[in-house]
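Scroll down for the structure; my scribbles are underneath it.
The values are calculated or read from the model by the stated rules, or taken from the named source; none is laboratory data. Note that this is a predicted model, so its numbers are computed, not measured. Reconstructed Cβ throughout: ideal geometry from the backbone, glycine too, with neighbour counts over all protein chains shown. Ligands, DNA and RNA are excluded from the accessible area calculation, which covers all protein heavy atoms including side chains. Shrake-Rupley method; radii C 1.70, N 1.55, O 1.52, S 1.80 Å.
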Amino acid sequence: MNHVAAIPEPQRLGPVEPDLLASAIFLFAEYLRRLEQEAPAADDEGGEDDAEDGEDTAPGPQIDTRAVLDLLAEELATDVKTTLNLYMRVTALYRLLASSPSLASLALDHEEFGGALRDDALVAAARLDVYVQRAGEDGSADFDPREFRAALDAEE
């Protein structure tokens, strides 16, 4: 018998309300700001040798999944399924915009303080599919960058 190992299709997350996602994005941004504020204290302990090497050993803030999930659930009073959906959407959006400056430029309203998401980008992030794939023990949840860009271009 020939058995062909099928590659599982990525699962898709259902949409969320844009206002709820906006609140989750705000809470996640506040969480990241707190991490950044705490980071200099940790950097000072290591001395100045790292800066002289020219190497940046810190890859960015280490996001504590449990802490973010607890924060979202507590502040937004959401059930487990909605909290997970929000977490995956927010972190997928964070990765997407961090990895694509041109897409971030389209999605962010630079006239607002801090570069908040434009309304059309918020709606796209709330409505578009987020593809969840599992690889070993790890997995990822990501937006399709082409779908996201198309949603933004359709609104202009």
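Data table
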| quantity | calculated |
| --- | --- |
| Given (1) modelled with pLDDT of 90 or more; (2) open to solvent by less than 60 Å² (accessible area, probe 1.4 Å); (3) within 17 Å of L27 (Cβ to Cβ); (4) not polar (S, T, N, Q), number of the condition A116 does not satisfy | (1) |
| Hits in the stretch 59-78 - residues which are surrounded by fewer than 12 Cβ atoms within 10 Å (Cβ to Cβ), assigned to a loop (DSSP other than H, G, I, E, B) and at pLDDT below 95 | P59, G60, Q62 |
